[in-house]
Amino acid sequence: MESDNMRIKPPHLIRAVHQAGLIVTWVSDPMHGNTIKDPCGLKTHPFDSTRAELRALFDVHEQEGSYPGGVHLDMMGQNVTDCVGGSKTVTFDDLNSWNHTHCNPRLNVPQSLELAFAISERLRKRRLKAANEILNMSRVN
């Protein structure tokens, strides 16, 4: 959906599903909507766009009182150079060094771990916030 659209479109969908009384699993695929081509024509995903879309996913669900149920990421257990950015920055110049994808660009190991830790931190903060709210409610009663 891209990170900008992620903050605009899903709130309406989440509310409509809630009002209809439906139970759904919200799953995000933050890579495919963010595909670009480098100056040589190789497909890539900017890591920052993927991370921004994940941030937006969690922000929107927290704002709407719902929960993201899953995230789909294309990744490899090798240090491919398909996606630009990340803490061990892959640049446009690096894309040709180990880019063997015939389909969609994949995250490398450091990029995958960086997103996994970011997701884990968001889930931890949400769980702690919910636990504190329950604790505060029990003190009031």
Which option, [x] 53; [y] 40; [z] 64, is the value of percent of Cα pairs over 20 Å apart that was calculated from these coordinates? [x]
If you line up the Cα atoms of region 57-107 on their principal axes, what length do they span on each, largest first, in Å? 44, 20, 16
In a GNM of the chain with a 10 Å cut-off on Cα contacts, which of Leu128, Leu54, Leu95 has the highest mean-square fluctuation? Leu128
I'd like the Karplus ³J(HN,Hα) series for region 53-63: coefficients 6.51, -1.76, 1.60, θ = phi - 60°, whole numbers in Hz, and an x wherever there's a Gly or Pro. 5, 5, 4, 4, 4, 5, 4, 5, 5, 5, 4
Report relative contact order for region 3-140 in percent, whole number only (criteria: Cα-Cα under 8 Å, sequence separation at least 6). 23
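Bear in mind these aren't lab numbers, they're just calculated from the coordinates by the rules spelled out. Computed from a predicted model, the values in this text were never measured in an experiment.
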